[in-house]
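Report on one structure; see the data block that follows.
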Amino acid sequence: MADSKEGRGDIHIYSGIDDLKTELAEYISDLSEKSVKERGFFSIALSGRSVVNFIRKLTGTPYMITVDWSKWHVFFADERAVAKSHPESNYKLAKDEFLSKVPIPSSHVCSINDNVEVGIAAQEYQFAIRQHVKSHRVAASVCTDCPRFDLVLLELGPDGHVASLFPGHTALCVAHDWVTHIVDSPRPPPERITFTLPVINSACNVAIVAVGDDKADAVRFAVGHTTGGNVDWEDYESADADSSPARLVDPMDGKLVWFLDSCAASNLN
Ligand SMILES: O=C1O[C@H](COP(=O)(O)O)[C@@H](O)[C@H](O)[C@H]1O
C-alpha cells in the first residue's frame, strides 16, 4: 500500500519493493490501455539498469494477456554508446530481461545504431523518433515542438541524475535538440546518448523510480523536503537547480509520479 505526500508530482511510497513493482506494473498497464484507446498506440521510453527489474511484473499474469503489446512502441530515454551486445548496454538489459519476454514486435523497438560514433548515433536516433512522430505512433506536444511520449520511465541516480543527464552537465542546457550525446559521463561508460530535458518535460507521463538508502538525499533534493506533508520550499529553492537534474523534470502538460520505497523516501520528513 502506498503512502503519498505533498511535493512535486504524485509521490507514492512503498514499504516493500515488491509492492512498488506491483503498483508500477499496474500504473504502466493502465497508461497503456488509456493510450491505446485514445491514440491507438502506447509509446514508452525506458531507462536502463534497475528500471528493467522494476517492470518485470509486466512479464507475468495478468499483463501477458491483458496488455495489447502489439500497440507498444519502445524507446530508450538514454543509452550507453557501446555495442548492443555489451553488458553495459541498456538495450541488451531491456532485451534480456523484458523485451524477450513480452510479444512486442521487434520492429516496434527503437534503439540506437551502435555501428557509428556517438554524435552520429544521437542524430540518427532523433531522426528515427521524428519518423515515429510523423506517423503518429508517438504523439507531438502542442506546447513544444517535441515528441510527447505517453510514458518516460526514469530512475533517480544517487547523484540526482536521470537518464544520462548528470549534475552540472551542459547537456542539461540543450534546448532545441530532442536527443543529445555526452562523452564525459561521470559514471562509466563515458559516451552516452540521452533524451534532453525538453523531451522529458513534453511527455504525457513521467515516472521516476528510486529505491534504497543511497537515493534518500537525491530524493529529498529532487522532490523537496516535506514537513508534515508540505514542501519546505525554502530548502528546495536554496540549492542550484542543475545540481539535481531530477529537479528539472517538470512535465509542462503531463503528470509526474514518483515511485519510492521507504528507504529512498526516508529523508522526506
Ligand atoms: O547510468 C544510468 O543510470 C541511471 C540510474 O541508474 P543508477 O543505477 O545509477 O541508479 C539509469 O536510469 C540510466 O538509464 C543509466 O544509463
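The values are calculated or read from the model by the stated rules, or taken from the named source; none is laboratory data. Not measured: the values here are computed from a predicted model. Here Cβ is always computed from backbone atoms with ideal geometry, including for glycine, and neighbour counts include all displayed protein chains. In case anyone asks, the SASA skips ligands and DNA or RNA and just uses the protein heavy atoms, side chains included. Shrake-Rupley method; radii C 1.70, N 1.55, O 1.52, S 1.80 Å.
Of all residues in the stretch 76-95 being polar (S, T, N, Q) and surrounded by 18 or more Cβ atoms within 10 Å (Cβ to Cβ), which is farthest from the ligand (Cβ to nearest atom)?
Only one residue fits best here, namely 89.
What helices (runs of 4 or more DSSP H), lying completely within the stretch 175-269, carry at least 1 residues that are modelled with pLDDT under 95 and open to solvent by less than 60 Å² (accessible area, probe 1.4 Å)?
By residue number, 216-223, 233-238.
Give the stretch 132-142 a look and list any residue that's in contact (Cβ under 8 Å) with a residue 24 or more places away in the chain, open to solvent by less than 50 Å² (accessible area, probe 1.4 Å) and hydrophobic (A, V, I, L, M, F, W, C), or say none.
Scanning the stretch 132-142 gives 138, 139.
I'm trying to understand the selection: among the residues of the stretch 141-158, which are more than 8 Å from the ligand (Cβ to nearest atom) and assigned to a loop (DSSP other than H, G, I, E, B)?
Selection gives 141, 142, 143, 144, 145, 146, 149, 150.
If you take the residues in the stretch 87-131 that are of a type outside the set (A, V, I, L, M, F, W, C) and in contact (Cβ under 8 Å) with a residue 60 or more places away in the chain, which one is nearest to residue 62 (Cα to Cα)?
Residue satisfying both the conditions and the ranking: 88.
How about the stretch 30-75: which of its residues are aromatic (Phe, Trp, Tyr) and either within 16 Å of the ligand (Cβ to nearest atom) or within 20 Å of the chain's Cα centre (by Cα) (or both)?
Result: 41, 42, 54, 69, 72, 75.
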